[in-house]
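Below is one structure; the comments refer to it alone.
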Amino acid sequence: MENTKKELQEFRAEVSAWMKENKPKDPGFLLPQTFMEVGSEEQLDFLRDWQRKVYDAGYLGMSWPEEYGGRGLPSVYQNIADEEMSHHRVPIMINIIGMGWAGPLILKDGTEEEKQKYLKRILTGEDIWCQGFSEPDHGSDLGNAQTSAVRDGDEYIINGSKIWTTFGNYSKYMILLARTNPEAERKYAGLSFFLAPMDVPGVTATPIQKITGEYGFTETFFDNARIPASCLMGEEGQGWTIAMQTLQFERSAEGGQATHYFFERVTMGDLIKSAKTVMRDGQPLLKDPVVRDNLVKFMIEEKALRLSASRAEIPALCSDYPLSIPLSNKLRGTEYSRRMRQYAVSMQGAKGGLYVGDTDAIGGGFWQRSYFNSFSATIGGGTSQIQANIVGEHVLRLPKS
């Protein structure tokens, strides 16, 4: 489908007007900065209702096929909608594990039955999804997952536990990596992938309080939990391959997501605004030459990240290392975000030690909360250390040892 510049401009104006008209009022309670901080029923209900409203307006899953709840449009339309959501600073979309990881996976590799069953309800927010990859005893060693899935007739019996399960206590489904063959010669060959229901006996999700005071994560326990054998995606033993495809979506190394607006965009514009209002020795910090120099460095890095994303779509500009940008953008982006927020806190001097709820906290403690929350992005989808290994091995072709 061809789209002219005029058509895209008109669409942007349409979305902008809708967002301005429909942006929710302050609900009177703290809204999460990212999808990893949803820790209360009131936050969940508010954000689920908001996602449904955006979907009904036609601004979610725009590139997904119409028969599965989308609009069948080129992805540029969803990109514009996401940009306008960010520009108007509306609340985030909540069901990102469904819209960003499980949904694109099902679209690409799922059966027709799976597509019909899951996809539209992901977009509407009726079915919240979570991810069951990490385990308490295995850290980043995903291939060594030990949660077991034993076939028993038309069911699998699940035993074990998963950790850092965002939405674990609110989800209807989990993308679950479990071991179906503990005797496999290669540990990866013993893993299988499930689209597993969470509302079955034997599944318990226990919230984990983070340093921010929020409860965005859970530890999920499986105690002889029985799920239908039809929940198996692909064949037994294909779990590792499917999990790696899922991580391609999670890391945004591959497209197909229903939206990318799952965290509050914090930009250099916000940091510069803060530098204009925070005072030191009777004048705004922005007048300090050292601060200005540091801000310019961050501005250059932010601009480079945006340009790299555009460059990745032009093969002639990245032919030497064609996978370098998609494989490294998660590492570069999350580490930049963490460092930028850390600097914002350090600019506040002694008041940088104050937090949300303290009446003397600058900006209500926004930067402190944002800094603490930035660490989850450096861990989820593969830690920064794992991402550096991936770039070294798969882009630079360095040896494993």
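The values are calculated or read from the model by the stated rules, or taken from the named source; none is laboratory data. What you are looking at is a predicted structure, and each value in this text was computed from that prediction instead of being measured. In this analysis, Cβ positions are derived from the backbone assuming ideal geometry, glycine residues included, and neighbour counts consider all displayed protein chains.
Given the criteria in contact with an Asp or Glu (Cβ under 6 Å, 6 or more places away or on another chain) and in the same structural domain as GLY239 (by TED's automatic domain parsing), does ALA145 qualify?
yes
Is there a residue being under 24 Å from the mean Cα position of the chain (by Cα) and either over 30 Å from GLU183 (Cβ atoms) or not assigned by TED's automatic domain parsing to the domain that holds ASN373 (or both) anywhere in the stretch 275-295? So far as the stretch 275-295 goes, no, none of its residues is under 24 Å from the mean Cα position of the chain (by Cα) and either over 30 Å from GLU183 (Cβ atoms) or not assigned by TED's automatic domain parsing to the domain that holds ASN373 (or both). Does the stretch 290-344 hold any residues that are polar (S, T, N, Q), assigned to a helix (DSSP H, G or I) and at pLDDT below 95, and which are they? SER308, SER310, SER324, SER328, ASN329, THR334, SER337 - these are the residues of the stretch 290-344 that are polar (S, T, N, Q), assigned to a helix (DSSP H, G or I) and at pLDDT below 95. Within the stretch 382-399, residues that are at negative phi reach partners that are loosely packed, with under 13 Cβ neighbours inside 10 Å with beta carbons closer than 6 Å, at six or more positions or on different chains, in the pairs GLY392/LEU398. In the stretch 329-343, the residues that are of a type in the set (S, T, N, Q) reach residues that are part of a helix (DSSP H, G or I) with C-beta atoms within less than 6 angstrom, at least six apart or across chains, in these pairs: THR334/ALA377; THR334/THR378; SER337/SER374; GLN342/TYR371. When the stretch 260-289 is examined, which residues are found to be assigned to a loop (DSSP other than H, G, I, E, B) and buried (at least 18 other Cβ atoms within 10 Å of the Cβ)? Matches in the stretch 260-289: HIS260, TYR261, PHE262, GLU264, VAL266, VAL278. Take the conditions (1) in a helix (DSSP H, G or I); (2) outside the structural domain of GLY190 (by TED's automatic domain parsing); GLN257 misses just one of them, which is (1).
Give GLU7, GLU66, GLU14, GLU84 a once-over and let me know the one that is of a type outside the set (A, V, I, L, M) and under 18 Å from ARG121 (Cβ atoms).
Criteria check complete, one pass: GLU66.
State which residue is nearest to VAL150 (Cα to Cα) when the search covers only the stretch 187-212 and only residues that are assigned to a loop (DSSP other than H, G, I, E, B) and in contact with a helix residue (DSSP H, G or I) (Cβ under 9 Å, 6 or more places away or on another chain). The qualifying residue nearest to VAL150 (Cα to Cα) is LYS210. For the stretch 346-387, the set of residues classified as of a type outside the set (Phe, Trp, Tyr), within 19 Å of the chain's Cα centre (by Cα) and assigned to a helix (DSSP H, G or I) consists of ARG369, SER370, ASN373, SER374, SER376, ALA377, THR378, ILE379, SER384, GLN385, ILE386, GLN387, listed by residue number.
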